[in-house]
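A quick write-up on the structure given underneath.
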Amino acid sequence: MTMTQAPQAGRMRLADMFSLSGATGPLIGLFVLCVFLSVSTDAFFTLRNLLNVLDQITVLGIMAVGMTYVILIGGIDLAVGSVLALAMMVMGYTANVLGYPIGVGIAAALVVAAFSGAVSGLMITLFRVPAFISTLAMMSIARGLANMITDGQQIVGFPAWFSMLAFIRHGGFLTVTVALMLVVFVLGWFYLRYTSGGRSLYAIGGSPEVARLAGINVSLMTVGVYVVSGVLAGLAGIVLAMRLDSVQPTAGFTYELDTIAAVVIGGTSLSGGQGGIIGTIIGVLIIGVLRNGLNLLGVSPFTQAVVIGVVIALAVAAEAFKKR
Amino acid sequence: MTMTQAPQAGRMRLADMFSLSGATGPLIGLFVLCVFLSVSTDAFFTLRNLLNVLDQITVLGIMAVGMTYVILIGGIDLAVGSVLALAMMVMGYTANVLGYPIGVGIAAALVVAAFSGAVSGLMITLFRVPAFISTLAMMSIARGLANMITDGQQIVGFPAWFSMLAFIRHGGFLTVTVALMLVVFVLGWFYLRYTSGGRSLYAIGGSPEVARLAGINVSLMTVGVYVVSGVLAGLAGIVLAMRLDSVQPTAGFTYELDTIAAVVIGGTSLSGGQGGIIGTIIGVLIIGVLRNGLNLLGVSPFTQAVVIGVVIALAVAAEAFKKR
Amino acid sequence: MTSDNSPILSLKGIRKSYGPIEVLHGIDLDIRPGEVVALLGENGAGKSTVSKIISGTVPPSSGEMTWQGAPYAPANPRDAIDAGVGMIHQELLLLPHLTIAENVFVGRYPRRNGLVDRRTMRDEASRGLRRLGLDLPPNRLVQGLSTANQQLIEIAKALTLNARLLILDEPTAALGGEETQRLFDQIRRLKADGVGIIYISHRLEEIRQIADRVVVMRDGAKVQEFDSADVPVRTIVEAMVGRSLERMFPALGQPSAEPVLEVQGLTGANGRFRDVNFAVRKGEIFGIAGLVGAGRTELVRAIAGADPIASGSVHLEGQDITPKSPRDAIRSGIVLVPEDRKLQGLVLDHSIAENIAYPNLAQVAQAGLVTGGAVQGFAGHNIKRFGVKGQGNQNANELSGGNQQKVVIAKWLARNPRVVVLDEPTRGIDVGARSSIYDIIAGLAAEGVAVIVVSSDLEEVLGVSHRIMVMAAGRQAGILDYAEANDVSVMELATA
Amino acid sequence: AEVKRLGLAVTNLQADYFNQIKIGVEEYAKELGIEVITVDAKNDGATQVSQVQDLLTQDIDALIYLPAGAAAAAVPARLAKAQGIPVVNVDRNADDEPGDTFIATDNATSAYEVCKHVIGLAGGAGKMIMIHGQKGTTPEVERTKGCMQAIGENPGVELVAQQWSNQWSQAEGLDISQNLLQANPDVTIIFGQADGLALGAAQGVKVSGVEQRVYIGGFDGDTTALPILAEGGFDATATQQVRGIGRLAVDSAVKLAAGETLPAEQLLPGYLTTPENAGEYVAEHP
Ligand SMILES: Nc1ncnc2c1ncn2[C@@H]1O[C@H](COP(=O)(O)OP(=O)(O)OP(=O)(O)O)[C@@H](O)[C@H]1O
Ligand SMILES: Nc1ncnc2c1ncn2[C@@H]1O[C@H](COP(=O)(O)OP(=O)(O)OP(=O)(O)O)[C@@H](O)[C@H]1O
Ligand SMILES: [Mg+2]
Ligand SMILES: [Mg+2]
């Protein structure tokens, strides 16, 4: 008995760590997609292209971690795209117009992003405005503010090293931005799986009332989650600034939909309480690979829209079907 | 006792008919907004301008009725803006490229719009794809198809009477498009308040399982609601074509967010089961008056975004506060 | 026992109002360590409200509490938990998508090196469950567990709290006799450890077994206190309802020989019951008994079209009407009063009137139109008929649990069905109301309706049924006649 | 080197102007036997960086780059140059990383001519409304500059109101003109910074029931707007040589790849188009 018990416990733990919680369907989808692309275009399955895909998902990937938390507690954050733009502009303005060091600009950007998240969170908890509406309002406000900073103009002229963080591949492999994304993934996953705060998010998503009765400070956690989502959107804005070597108030338009799609494709339920970071990573990869692959295949942009819609629906439907 | 009973019953019935169900806060908001605009610009409180506002809300108003149903059953329809564009293009293509009469074009447009809604609805009921995702997918697909019809080009050259439907004010008052919107409002309101189908939508929104056990055909009603939402988006597309005297695959971009905002500002709850058409009309008016007023005041678009965000948040927060 | 200890908790002049309505009118209550105080009263008397105030779930409008001599005013459940108050709420509060272990430890995850210690969590949860005789893998999701099992998990959650004061609000409502005894063993153990316990139940026969003191509430006030549980049930009931109750169970009429509902070889799609055959006659009350998890709920849900059927058929008056959906069943005249009123019976944030109208919209409609007045009128009539304490325009979640149950019954009986299936019909219902529900059941039968009653309360099935089918592990173990049915014969079949 | 494969990164195919350039490039390249890979950034700079990365993995020999966003991002050009691939910027150019050559319509001059023309039609005086494109974008800034010059030369013209659109769209043109005419019913001149805005304004004039003749100028010479212009639906536009820009871009790419140096800027005039000469451009778009 003990002999069979021990390895089983070990196996359990591993399975537990990388629990796909509802993301096996998407994982299979990702796999099928990759096989299909490798067969149909030579350019896809090359190290250079795969590293490109990693580069290209950094912004989405970082935002998706925050969005996973938000959706896990049964909320939604429509403001991430605009907060990204606002944070970008704050950074650019602080660094290139006010002339502070870039580090100060980044700090200012993250503070503003956190503040935006906190405002959304407080509207939800204090004033009982549904998350959809409070973050929709914040989306409009943050976009307006981002534009007002420079009256709609972009800001350019960052030092050369800044943009290179997004493009120099250390060890022929990792750019700083990709490394940043990986760190965010690991921290986001670890918090959710192994801390009591992370576990509480699942309880809140399952039922805020049950969580409250169990002594969880639901309001505080909720505000915290929107702050995290805001900060990560801000961080994504800085990464985007590196990728663009400029900051623009129009950046991140409709990114919220991509981000939500990635999270949900990855198996996190919009009704809250179910899902996780591993699934989200798969969701982000599906969207990234799909975009990249359709470009490599030279599919017309109009057809791309149709294909992306169909794949999103299929990925989620496959999971739902599997469950039955 | 009988003497006080009778009038009270009568009062009850009236109050019941125009029940604001959660929209008194927004109604006050609308009133404050109108007073403010009347004071701050002469151009606002004129018959002509108010008729303009009516003209300008036709598209939003028609879509918002369908969206109210969708949100009432606890769903969401992100595809309305794209379905609007697809229906427009189908109408234009049938009438001006294939050369059928406009009536045929309109019929074709509505059939395609209904079909799009049915596909969303079936994805939700049959394949258990969450509404957010299935309609997000449909949004991408419909936009792609709308573009593919003419490879991204607009279509012009409708007969003169077509566009005049949106502009000739019969009796100095009602354009055909505004009349159409009013008819949609009345039918939408009547169905919801006075038929057993309408009541069932509330039950489904309150709890799909309770509704199912109560013998309501939840799947059928759900598909039906998305079909209605699709058809009304198609109708809104035709109204927009009249207003623009042209059809464009880019039309209706991000209209879904406006529509959802109007419905929720009007007191319909995103968690389903609560709300109604009267509230939605108020929500639509708030958005219409706000846009019109900010333009009359010459507010910069960047500041407009901030103001709109703040007003949305306030309108909904006021209602939530009142409830406590 | 240390009954002369100073109280851990005392309440003084606690009042509570919801809007203009005061539902508690100055409650005084002392709980001492190591004693079990039974809190009794009719539905809506205010028992749950008192418990919620103690556990920090709702704030009192006025009044004071002291905890071990110090002033005590919990602002939220966390404060109460930190002070040492544990509570099992009347409504089940489990998170279906989380594992059993996580549910047991929600909000207080065991930690090692600052991280959640999953192994301890699993082991502890497992141990807690086994004490209650439940052998479920702690990694299983709660989703899909029977109500009884969920109730036991809820109890395990409270037992592992290490509380100084434990409030159990109708913990046994969904349990069978054996589970109840295991719970009592645990309560005795806690008592010995000096934990104070408030025990709320409508099963008065339990009181004598477990309580040290009895407090009776009526309409938001404390009306009587007995210093021992050795009080005749009749006396307690009189204190509760303010009058004497003649009898519990009504006299049953004679069913006709003609079968109405016939179930042939029925097997559930998920295999929780297999090959069930029985027939219910016109005017007959057919009880279904069995241990928790025997598959009774699944069986009756299948008959009512709520769950898919793998094979077999359901016949109504000779016609095959095997339902594919609840809609089918309702059309044929079969209605189900479900086990879980919160998830299956009511839209909690809609009004009572609307809830009653939902399955009856065709009846409510006048000339095809459903007006607000018609809904109120229809509901008002049925609210009166079934003695619901509440107004038609009140939201269902403002009612006490027992009154919610009456609304669910009213909603289904309003449509004059031919077959009525009641799954745990008196769960959480007070004695007075319970006997009136039995009267309703007997009345239905007298009108020629075929009635099926599923209950874990043995006394109830025995008292109200013409025949009793006993289920064990998804199979029908036997059908007993009124004459041959008693606790012993039923239990023999159930454990066979 | 010889150009066999060309990458075309377009801002936003939803705008007719860019769509026409794309068609111009694709058709001409086909004549020359060059393969074109087209990607559409849908107005998003970040998407465009990703797309250019994808183009570069496909071994293109030259890049035609129409920058997305309010102004040109430098990174795509930089990425291409880092691989030794020549870059032809079209429509927008980045100051800090200009393309090897830059092709565009002379926005300011053309806008000046359109405004001068409609002001002339109105008799050199009157109240005027301007409906701007997306605030802060290069064409919006340049066209405003050009038109303001024409206004400045005619002291009788009073610019009574202006408002910005977010998407240069007809629906916005209609609502904005309706509202602005509401506040200023005696306006006689309107400049919409794109044909869509002008068409919306024409609709707005029709429905506001103003009595006086209102002269409307647009910009772009969209293929769908020109027939309407020909019938007098509005009064003037600047027809951009979209197909010409496309052809010039391909030629420039071929030359750059062959090692030639080209002027830093190649500005093509927009042709002032009125109902009289619109027919020519409908027959064959420049
Ligand atoms: N949120 C609320 N709003 C208004 N009234 C409420 C609310 N919650 C409870 N009540 C009322 O308070 C009274 C006491 O309810 P409570 O739940 O305490 O009764 P109870 O004794 O636990 O009854 P039961 O035995 O049925 O559980 C009832 O009349 C109920 O209608
Ligand atoms: N979805 C499910 N997945 C897995 N097991 C389930 C599911 N639903 C029920 N079960 C199990 O099936 C067995 C039969 O449950 P059922 O609810 O029919 O029992 P019952 O006799 O009605 O008992 P009670 O209602 O008293 O709990 C139980 O052991 C239950 O835990
Ligand atoms: Mg209670
Ligand atoms: Mg059961």
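Distances between copies of A:Arg48, taken at a point 7 Å out from Cα along the Cα→Cβ vector and listed shortest first: 6.4 nm.
Of all chain B C-beta atoms, the nearest to the rotation axis linking B with A is recorded, alongside its rounded Å distance, as B:Thr254, 4. For chain A, set up a GNM with springs between Cα atoms under 10 Å and report which of A:Ile76, A:Ile265, A:Ile312 has the largest fluctuation. Among A:Ile76, A:Ile265, A:Ile312, the largest GNM mean-square fluctuation belongs to A:Ile312. Close amide H pairs (under 5 Å, H built 1.01 Å from N) link B:Gly74 with B:Gly272, B:Gly273, residues at least 5 positions away or on another chain.
Atom-type composition of the exposed protein surface of the protein assembly as shown places 59 percent of the accessible area on carbon and sulfur (1.4 angstrom probe). Semi-axes of the equivalent ellipsoid for region B:59-175, computed as √(5λ) from the eigenvalues of its C-alpha gyration tensor and ordered from largest down, come to 28, 19, 11 Å.
Taking R0 as 22 Å, what's the FRET efficiency between C:Gln363 and A:Glu209 from their Cβ-Cβ distance, rounded to 0.05? The partial results should precede the final answer.
Values: r = 34 Å, r/R0 = 1.56.
Computed FRET efficiency for C:Gln363 and A:Glu209: 0.05.
Taking label positions 7 Å along the Cα-Cβ direction at both C:Met248 and B:Leu182, the computed distance is 6.7 nm, reported to one decimal.
For the protein assembly as shown, A:Cys34, B:Cys34 stand unpaired, since no other cysteine beta carbon lies under 4.7 Å from theirs. Amide H contacts of D:Ile190: D:Ile129, D:Tyr215, D:Ile216, D:Gly217, each under 5 Å away and 5 or more positions distant or on a separate chain (H built 1.01 Å from N in the peptide plane; Pro and chain starts excluded).
In region A:170-264, what chymotrypsin sites (Phe, Trp or Tyr not before Pro) fall in a loop by DSSP, with at most 15 other Cβ atoms inside 10 Å? Counting only loop positions with at most 15 other Cβ atoms within 10 Å, the chymotrypsin sites (Phe, Trp or Tyr not before Pro) in region A:170-264 are A:Phe173. About its Cα centre, region B:46-323 has a charge dipole of approximately 440 debye under the convention of +1 per Lys or Arg Cβ and -1 per Asp or Glu Cβ, with nothing else charged.
Take the protein assembly as shown with all the other protein chains still there, run a 1.4 Å probe, and you get 36 Å² of accessible area per residue.
With all projection directions averaged, the alpha carbon convex hull of region D:1-116 covers 7.5 nm². Ranked by the mean number of other Cβ atoms within 10 Å of their residues, highest first, the peptides D:9-16, D:91-98 fall in the order D:9-16, D:91-98.
Projected label points at C:Asn486 and C:Arg15, each 7 Å from Cα along the beta carbon direction, are separated by 5.4 nanometres.
Subtracting the Cα-Cα distance of C:Gln319 and C:Ala75 from their residue separation scaled by 0.36 nm leaves 81.8 nm. Using the Cα coordinates of chain C, the gyration tensor eigenvalues translate into equivalent-ellipsoid semi-axes of 38, 27, 23 Å, sorted from longest to shortest. Net charge of the neighbourhood of C:Val335, taken over other residues with C-beta under 11 Å away and scored Lys/Arg +1, Asp/Glu -1, is +4.
The C:Asp82 and C:Arg111 beta-carbon pair, evaluated with R₀ = 25 Å, returns a calculated FRET efficiency of approximately 0.95.
Would you please put C:439-448, D:73-82 in order of how densely packed they are, using the mean number of other Cβ atoms within 10 angstrom per residue and starting with the highest?
D:73-82, C:439-448
Couplings for region C:403-419, taken from phi via the Karplus curve 6.51 cos²θ - 1.76 cosθ + 1.60 with θ = phi - 60°, read 5, 4, 4, 5, 4, 4, 5, 4, 4, 8, 7, 4, 9, 6, x, 9, 10 Hz in order; Gly and Pro are left as x. Dividing the summed helix terms, -39500 (n - 2.57) for each DSSP H run of n ≥ 4, by the number of residues in chain A produces a 222 nm estimate of -25000 deg cm²/dmol to the nearest 500. Using the Cβ-Cβ distance between C:Arg331 and B:Ala107 with R0 set to 35 Å, the FRET efficiency from 1/(1 + (r/R0)^6) comes to roughly 0.45. For region B:46-323, the mean projected area of the C-alpha convex hull, equal to one quarter of the hull surface, is 15.5 nm². Among the listed pairs C:Lys282/C:Lys406; C:Lys12/C:Lys52; C:Lys389/C:Lys411; C:Lys52/C:Lys384; D:Lys42/D:Lys206; D:Lys145/D:Lys206, which are separated by more than 22 Å between their Cα atoms? Among C:Lys282/C:Lys406; C:Lys12/C:Lys52; C:Lys389/C:Lys411; C:Lys52/C:Lys384; D:Lys42/D:Lys206; D:Lys145/D:Lys206, the Cα-Cα distance tops 22 Å for C:Lys282/C:Lys406; C:Lys52/C:Lys384; D:Lys42/D:Lys206; D:Lys145/D:Lys206.
Across peptide D:56-68, the mean count of Cβ atoms from other chains lying within 10 Å of each residue's own Cβ comes to 2. Inter-copy label distances at B:Ile168, shortest first and taken from points set 7 Å along Cα to Cβ: 7.2 nm. Report the local net charge at D:Pro98: Lys and Arg +1, Asp and Glu -1, summed over other residues whose C-beta lies under 15 Å from its C-beta. So the environment of D:Pro98 carries a net charge of -4.
Count, for each residue of A:186-199, the Cβ atoms from other chains sitting within 10 Å of its Cβ, then give me the mean as a whole number.
Mean inter-chain Cβ contacts per residue within 10 Å come to 3.
When B:Pro101 is represented by a point 7 angstrom out along its Cα-to-C-beta vector, the spacings to that point in the other copies are 7.7 nm, nearest first. Ranked by the mean number of other Cβ atoms within 10 Å per residue, highest first, peptides A:57-69, B:78-90, A:121-133, D:148-160 order as B:78-90, A:57-69, A:121-133, D:148-160.
Given Cα pairs under 8 Å that are at least 6 residues apart, what percent is the relative contact order of chain A?
Details: 525 pairs, mean separation 113.3, N = 324.
In percent, rounded to a whole number, it is 35.
For the options B:Leu232, B:Leu145, B:Leu72, a Gaussian network treatment of chain B with springs between C-alpha atoms closer than 10 Å singles out B:Leu145 as fluctuating the most.
Seen from all sides and averaged, what is the projected area of the convex hull of the Cα atoms in region D:159-286, in nm²?
Numbers: hull surface 37.0 nm².
Projected over every direction and averaged, the Cα hull of region D:159-286 covers 9.2 nm².
Taking a sphere under 12 Å around the Cβ of C:Arg140 and counting the other residues whose Cβ falls inside, with K and R at +1 and D and E at -1, yields a net charge of -1. Comparing mean-square fluctuations of A:Ile238, A:Ile28, A:Ile281 from a GNM of chain A with C-alpha springs under 10 Å, the top value falls on A:Ile28.
Karplus-derived 3J(HN,Hα) values for region D:107-122, using 6.51 cos²θ - 1.76 cosθ + 1.60 with θ = phi - 60°, are 4, 5, 4, 5, 5, 4, 5, 4, 5, 4, 5, 5, 5, x, 4, 7 Hz; glycine and proline are entered as x. Label-to-label distance for A:Arg128 and C:Glu238 is 4.6 nm, based on points extended 7 Å past Cα in the beta-carbon direction.
The values are calculated or read from the model by the stated rules, or taken from the named source; none is laboratory data. What you see is a predicted model, and the numbers here were worked out from it, not measured in a lab. In this analysis, Cβ positions are derived from the backbone assuming ideal geometry, glycine residues included, and neighbour counts consider all displayed protein chains. Heavy atoms of the whole protein, side chains included, go into the accessibility calculation; ligands, DNA and RNA do not. Shrake-Rupley method; radii C 1.70, N 1.55, O 1.52, S 1.80 Å.
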